[in-house]
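This is the structure I have questions about; it appears just below.
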Amino acid sequence: MTRAAVGSTAAGARTFRAFDPAAGRSLEPAFTVASAADVDAALTAAAAAFAPYVATPAAARAAFLRRIASELERAKAPLVERANHETALGVGRLEGELARTTGQLRMFADLIERPDWLAAVDAGGEPTAQPPKPDIRSLRRALGPVVVFGASNFPLAFSVAGGDTASALAAGCPVICKAHPSHPGTSRLAADAVSAAVAASGLPDGVFALLLDDGHEVGRGLVSDPRVKAVGFTGSRAGGEALMRLAAERPEPIPVYAEMGSVNPVFVLAEAANARADAIAEGLHASFTLGVGQFCTNPGVVLVPVGR
């Protein structure tokens, strides 16, 4: 599943294609929508892989994360080229995002090599305080298989091999990634890099899987399944809240770690408008268009004094 060639299709299966926004055309090849059997196979493999993977020494998991980073760098040229066709974000931006992606993987590798990251945290309580401060104690432990939803606007750093995947793998959790339909080719190439690292590291196949879908059925099926123990999501508020409801309605609710969209209001006060209207307008334009308008810090609404 994770090692199939880009664009492989099963006979009779529903397929979809990516779209090149710069050229205004569909891209080859066609990609197969994951079937219910594909979803179940990925979940079964992930559940079976959890115990042996979480028992893998931290040093071995760190080496695995660094190997993923190296495999991504080895695939840099085709990865960036395909991502640019599918997103039109530009080669420079995508090369920078790839560096961020590999940097995240190596950062988590460095983290788990330090034994203190697993140390117990004892915040200490103050029962006589008003209101009383509870005694909170915690340990960092792997939950189990994690589903990661790829983001549309960051095809590398917040997608197949991005921060959610890196952190889950670092903790000892197998990952099933549900790729974003806007960049299936990029997702497949990134998944091939992760799968190559899985194989080279001698880890169970179920440590990682990629599932493709141009709708919502695969995602709903994954989040609702009792074998999934957590969800990572980057995207719209509506999408994130829908997943949170699914996760909360389960007999065993699970956490959804979501970074969701926001309006980002900007208030331009009268004195500022009088003193530097042109500079404010130029700054807003730069922010609106930063990253082809895809950065989460882009303003969503600007409020200015009447008549300005």
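Which one of these does PHE267 not meet: (1) open to solvent by 50 Å² or more (accessible area, probe 1.4 Å); (2) free of Cβ contacts under 8 Å to residues at least 12 places away in the same chain?
(2)
Also, quick follow-up: What pairs come out if I take residues in the range 247-260 that are under 14 Å from VAL147 (Cα atoms) and pair them with residues that are of a type in the set (D, E, K, R) whose C-beta lies under 8 Å away, six or more apart or interchain?
Listed by first residue and then by second, the contacts come to ILE254/LYS229; TYR257/ASP164.
Moving on to the next point. Going by the structure shown, is GLU282 open to solvent by 50 Å² or more (accessible area, probe 1.4 Å), closer than 28 Å to ALA171 by Cβ, out of contact with any Cys (no Cβ under 8 Å at 6 or more places or on another chain) and assigned to a helix (DSSP H, G or I)?
no
Residue by residue through the range 41-58, note down the ones that are polar (S, T, N, Q) and farther than 17 Å from ARG141 by Cβ.
THR44
Among the residues of the range 155-190, write down those that are closer than 25 Å to ILE112 by Cα, polar (S, T, N, Q) and out of contact with any helix residue (DSSP H, G or I) (no Cβ under 7 Å at 6 or more places or on another chain).
Residue satisfying the conditions is THR165 alone.
While we're looking at this one, here's another question. Might you let me know whether the range 224-234 holds any residue that is within 18 Å of ASN153 (Cβ to Cβ), among the aromatic types (Phe, Trp, Tyr) and part of a helix (DSSP H, G or I)?
no
Do the conditions hold for THR101, that is, is it among the polar types (S, T, N, Q), in contact (Cβ under 8 Å) with a residue 60 or more places away in the chain and open to solvent by 20 Å² or more (accessible area, probe 1.4 Å)?
For THR101, the condition - among the polar types (S, T, N, Q), in contact (Cβ under 8 Å) with a residue 60 or more places away in the chain and open to solvent by 20 Å² or more (accessible area, probe 1.4 Å) - is not met.
Being buried (at least 21 other Cβ atoms within 10 Å of the Cβ), touching a strand residue (DSSP E or B) at 6+ places or on another chain (Cβ under 6 Å) and not hydrophobic (A, V, I, L, M, F, W, C) is the filter; apply it to the range 192-235 and report the residue that is nearest to ARG61 (Cα to Cα).
GLY232
Residues are listed down the side, and each one gets a yes or a no for (1) closer than 30 Å to GLU217 by Cα; (2) open to solvent by less than 60 Å² (accessible area, probe 1.4 Å):
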| residue | (1), (2) |
| --- | --- |
| LEU111 | no, yes |
| ARG114 | no, no |
| ALA120 | no, no |
| GLU126 | no, no |
| ASP135 | no, no |
| ALA142 | yes, yes |
| PRO145 | yes, yes |
| VAL148 | yes, yes |
| ASN153 | yes, yes |
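Scan the range 236-254 residue by residue and report those that are open to solvent by less than 30 Å² (accessible area, probe 1.4 Å) and under 16 Å from the mean Cα position of the chain (by Cα).
Selection gives GLY239, GLY240, LEU243.
The values are calculated or read from the model by the stated rules, or taken from the named source; none is laboratory data. This structure is a prediction, so every number in the text was calculated from the model and none was measured. Here Cβ is always computed from backbone atoms with ideal geometry, including for glycine, and neighbour counts include all displayed protein chains. Accessible surface areas use protein heavy atoms only, side chains included; no ligands, DNA or RNA. Shrake-Rupley method; radii C 1.70, N 1.55, O 1.52, S 1.80 Å.
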